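Trainee: Here it is, the structure, as structure tokens.
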Amino acid sequence: MALGGFSFIAAVPMPDQRLASATANIESIIAASGAEVAVAFRTLDGRSEWLRHADESFHAASTMKVAVLIEVYRQAGQGKLRLDEPLRIRNEFQSLIDGSPFALDPEDDSERDLYRQIGQTRTVSELTGLMITVSSNLATNLLMDRLGVEQIRAGVHALGADGMDVRRDLEDGKAFKQGLNNTTSARALLRLMDAIAQGQAVSAEASAAMRATLERQTVNDRIPAGLPTGMRIAHKTGEITGIRHDAAIVYASRPFVLVILTRGARSPEEGSRLIAAIAHQLYAASQ
């Protein structure tokens with residue numbers, strides 16, 4: 001089936017008693033947590049799949065950086081930018097609402113060294129690494145302004161992931177107050193991560209580079225915490241108040257893609273533990 005020029009191989013998931021048992025356990029875990037949870041799980045061989053509220057929209061938080069990552073390599077492949085292209089570091093951006101300037105607060109960002117380099121330059125590749133591995137919001141906004149929001153949206157559409165809606169730079173307070181946020185569904189993130197896993201996001205070479213970046217993720221208290229120590233995992237987390245997400249390619253003996261979106265957990269730590277518990281159940285049922 002072709003979606004926006006991108007071809008997906010139709011695979012029919014097979015009935016799986018172990019997966020059915022695991023999902024029943026997961027439903028009990030979610031009910032006890034009191035949180036709202038969406039899950040999208042699929043083995044890379046296409047034979048097992050579980051979708052739970054997979055089309056429900058959530059605030060994307062930093063998981064939308066996966067779309068930015070893909071667009072970096074898409075435009076590099078088209079010759080529209082170079083990975084070694086220098087970008088000037090600045091902390092002034094324009095609001096989606098009225099074009100008025102706003103700046104990011106370093107205290108609210110997960111990476112602060114970049115703020116001390118205002119006026120200097122970093123390459124597109126360096127900023128991309130900071131955006132994914134330490135989830136730098138400043139690096140993300142610099143890249144988004146270089147790429148263009150509409151181009152990022154077009155890239156998402158080309159991969160059949162219209163459940164992700166990238167609308168604005170991060171920390172745009174005026175837009176946030178009006179409810180204009182970057183959103184995603186679990187299914188949309190599954191499509192993006194699956195394309196990267198299958199070597200079909202831009203190209204096999206670009207997908208391999210994206211996987212290598214995602215494997216350097218430094219926040220590992222969610223999906224990785226529910227899996228055996230040392231397992232190879234390429235993933236991107238996201239979090240804001242009341243929100244905990246993770247989207248991963250898990251290189252188990254039988255590899256799979258797993259997206260877990262949560263909101264309303266009793267604490268951030270409980271949200272992370274909930275994601276780890278779900279990941280553990282699905283890993284055990286699929287290997």
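Just so you know, all these numbers are worked out from the coordinates, no wet-lab data involved. What you are looking at is a predicted structure, and each value in this text was computed from that prediction instead of being measured. Methodologically, a virtual Cβ is constructed for each residue, glycine included, from the backbone with ideal geometry; neighbour enumeration extends over all protein chains shown.
Trainee: Name every residue in segment 14-67 that is part of a helix (DSSP H, G or I), farther than 26 Å from Thr213 by Cβ and charged (D, E, K, R), in order of residue number. Step through it out loud before you land on a result.
Mentor: Going through segment 14-67, the residues part of a helix (DSSP H, G or I) turn out to be 17-33, 61-67.
Imposing the further condition that a residue be farther than 26 Å from Thr213 by Cβ reduces the set to 17-33.
Result: Arg18, Glu27.
Trainee: Among the residues of segment 135-192, which ones are out of contact with any Gly (no Cβ under 6 Å at 6 or more places or on another chain), in a loop (DSSP other than H, G, I, E, B), touching a residue at least 60 places away in the same chain (Cβ under 8 Å) and of a type in the set (S, T, N, Q)?
Mentor: Hits for segment 135-192 are Ser135, Gln178, Asn181, Asn182.
Trainee: Still on this structure: Could you please find all residues in segment 105-134 being of a type in the set (Lys, Arg) and without any contact (Cβ under 8 Å) to a residue 24 or more places away in the chain?
Mentor: Quick first cut of segment 105-134, residues of a type in the set (Lys, Arg) only: 112, 116, 122.
Within segment 105-134, Arg112, Arg116 meet the criteria.
Trainee: OK, next. Between a first residue in segment 90-102 that is among the β-branched types (Val, Ile, Thr) and a second residue that is not in a strand (DSSP E or B), which pairs have beta carbons less than 8 Å apart while being 6 or more apart in sequence or on different chains?
Mentor: Every condition considered, the pairs that remain are Ile97/Asp172; Ile97/Lys174; Ile97/Ala175; Ile97/Gln178; Ile97/Leu180.
Trainee: Yes or no: Glu126 of a type in the set (Asp, Glu) and over 28 Å from Ala285 (Cβ atoms)?
Mentor: Numbers: of a type in the set (Asp, Glu): yes; over 28 Å from Ala285 (Cβ atoms): yes.
Here the answer is yes, as Glu126 does meet what is asked.
Trainee: Further question: Look through segment 44-67, keep the residues that are more than 18 Å from the chain's Cα centre (by Cα) and either within 20 Å of Asp165 (Cβ to Cβ) or not basic (Lys, Arg) (or both), and return whichever of them is surrounded by the fewest Cβ atoms within 10 Å (Cβ to Cβ). First the steps, then the outcome.
Mentor: Filtering segment 44-67 for residues more than 18 Å from the chain's Cα centre (by Cα) gives 45-50.
Checking the rest, the ones that are also either within 20 Å of Asp165 (Cβ to Cβ) or not basic (Lys, Arg) (or both) come to 45-46, 48-50.
Values: Asp45: 10, Gly46: 16, Ser48: 21, Glu49: 19, Trp50: 20.
Here the answer is Asp45.
Trainee: Looking only at segment 235-284, count how many residues are small (Gly, Ala, Ser), under 25 Å from Ala212 (Cβ atoms) and buried (at least 16 other Cβ atoms within 10 Å of the Cβ). I'd like the intermediate steps shown before the answer.
Mentor: Initially, segment 235-284 is screened for residues small (Gly, Ala, Ser), giving 238, 242, 247-248, 252-253, 264-265, 267, 271-272, 276-277, 279, 284.
Keeping just the survivors that are under 25 Å from Ala212 (Cβ atoms) gives 238, 247-248, 252-253, 272, 276, 279.
Subset that is buried (at least 16 other Cβ atoms within 10 Å of the Cβ): 238, 247-248, 252, 272, 276, 279.
Counting residues in segment 235-284 that are small (Gly, Ala, Ser), under 25 Å from Ala212 (Cβ atoms) and buried (at least 16 other Cβ atoms within 10 Å of the Cβ) gives 7.
Trainee: Mind telling me which of the residues Arg222, Arg211 ends up being free of Cβ contacts under 8 Å to residues at least 40 places away in the same chain and charged (D, E, K, R)?
Mentor: Working: Arg222 fails: free of Cβ contacts under 8 Å to residues at least 40 places away in the same chain.
Only one candidate qualifies: Arg211.
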